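Below is one structure; the comments refer to it alone.
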Amino acid sequence: MSNSQHDPPDQKRRAWGSAPAKLILFGEHAVVYDQPAIAVPMPSLKARAVAVTGRRGGGVILHAETIGRHYLMDAVGESEPLAFTCRNVLRWLGIERQPDVDLHLMSDIPIASGLGSGAATAAAIARALARWLGYEFSPAQLSALVYRTEQLHHGTPSGIDNTVVAFEQPIWFRRHAPLETLPIGARLCLVVADSGESSPTRITVGEVRRQWQREPAQYEALFAAVGDVVQRARAALAAGDGATLGALMNENQQLLEAMGVSAPTNERLAEVARRAGALGAKLSGGGRGGNNVALVARGDAERVAEALRQAGARQLFVTEVG
Ligand code: MEV
């Protein structure tokens, strides 16, 4: 394994890493309770990191360029996610002596909005640091490493976010079951609308947990109903049946509302998308704001996006899957 201590001072080594945003199509929240879920990467939105040989004796320095924050890995506490991720990379690789490396992180992924920004930034920085040290993580290794960072973000993650950003493929995910990548029968066109209301996943995940503890039978019935929607969505995806998929998205949205994780903005934007011709729409991710996803026929994407823009969506992303 190479080490920056051996590099001539004038030869700066560089290594890059990146990871995409993610979109949960079906099954968020219920997936924490062992139901299946379907998620896809969104390669048009990315977190990117570059590791560059630093000043001798400088240690690991983090540069969160998007928010203009620069700090020593050792100067922040255990709960700072990027420093925590870097320490885990070093531990994983058995590196005891801190290398001298500057890690620059850039991201286009909206923060705390259901698109997996936390998992993607951790994956990008872990990949860049490991590559700079001469090591290539497999997707499974990277996913396991980022899972630890996810636990910092929200205590009881299902593991879906770290898995989809590390594998960068559509996935069928179920906790404690082997990962399956998902065949998709026809290209899906999705319009993603940022409600502009940021909402940390930890909050809605914690609320669902408290509600489930208060009313276990009711919540378990909701989780099972979501699981059933996800099973039907898998068949519709394989068959390329957009109309059924859209109807299942609407059904999933109703179950998320019953769970208490939707917000009036999510419901309004979903309704606007349907009225503008979307086949179906729902919130995506932790909910209570964040992002909505609408499934549209290709030719309708512009019209649906425009209707959502006029209804107040902050940012819009059109993405294709399959
Ligand atoms: C967050 O992207 C998805 C949730 O289901 C939480 C999790 O699976 O860890 C809300």
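The values are calculated or read from the model by the stated rules, or taken from the named source; none is laboratory data. For clarity, every value in this text was computed on a predicted model and none was experimentally measured. We place every Cβ from the backbone using ideal geometry, glycine too, and count neighbours over all the protein chains shown.
Residue-level check: of (1) in a helix (DSSP H, G or I); (2) under 26 Å from residue 118 (Cα atoms); (3) under 21 Å from the mean Cα position of the chain (by Cα); (4) not small (Gly, Ala, Ser), residue 212 misses just (3). Residues in segment 113-153 that are among the polar types (S, T, N, Q), in a helix (DSSP H, G or I) and within 24 Å of residue 177 (Cβ to Cβ): 141, 143, 149, 151. I'd like the full set of residues that are more than 18 Å from residue 291 (Cα to Cα) and within 8 Å of the ligand (Cβ to nearest atom), limited to segment 32-42. 32, the sole residue that qualifies. Of the residues making up segment 181-197, those that are surrounded by 15 or more Cβ atoms within 10 Å (Cβ to Cβ) and within 17 Å of residue 139 (Cβ to Cβ) number 1.
Looking only at segment 74-99, how many residues end up being of a type outside the set (Asp, Glu) and in a loop (DSSP other than H, G, I, E, B)? It would help to see each step written out before you state the result.
So in segment 74-99, the residues of a type outside the set (Asp, Glu) come out as 75-77, 79, 81-95, 97-99.
Next, only the ones that are in a loop (DSSP other than H, G, I, E, B) stay: 76-77, 79, 93-95, 97-99.
Adding up the residues that qualify gives 9.
Per-residue answers, yes or no, for (1) free of Cβ contacts under 8 Å to residues at least 40 places away in the same chain; (2) in the same structural domain as residue 78 (by TED's automatic domain parsing); (3) more than 16 Å from the chain's Cα centre (by Cα):
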position: 119; (1), (2), (3): no, yes, no
position: 135; (1), (2), (3): no, yes, yes
position: 147; (1), (2), (3): yes, yes, no
position: 164; (1), (2), (3): no, yes, no
position: 197; (1), (2), (3): no, no, yes
position: 205; (1), (2), (3): no, no, no
position: 222; (1), (2), (3): no, no, yes
position: 226; (1), (2), (3): no, no, yes
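Among the conditions (1) within 12 Å of the ligand (Cβ to nearest atom); (2) at negative phi; (3) more than 14 Å from the chain's Cα centre (by Cα), residue 180 misses just one, which is (1).
Every condition in (1) buried (at least 21 other Cβ atoms within 10 Å of the Cβ); (2) away from the ligand (no atom under 16 Å from the Cβ) holds for residue 165 except the one numbered (2). Checked against the criterion of being surrounded by 15 or more Cβ atoms within 10 Å (Cβ to Cβ), at pLDDT 95 or above and within 16 Å of the ligand (Cβ to nearest atom), segment 11-20 contains one or more residues that satisfy it.
Scanning segment 251-273 for residues being surrounded by fewer than 18 Cβ atoms within 10 Å (Cβ to Cβ) and touching a residue at least 24 places away in the same chain (Cβ under 8 Å) gives a total of 3. The condition of being closer than 21 Å to residue 204 by Cβ and buried (at least 24 other Cβ atoms within 10 Å of the Cβ) does not hold for residue 128.
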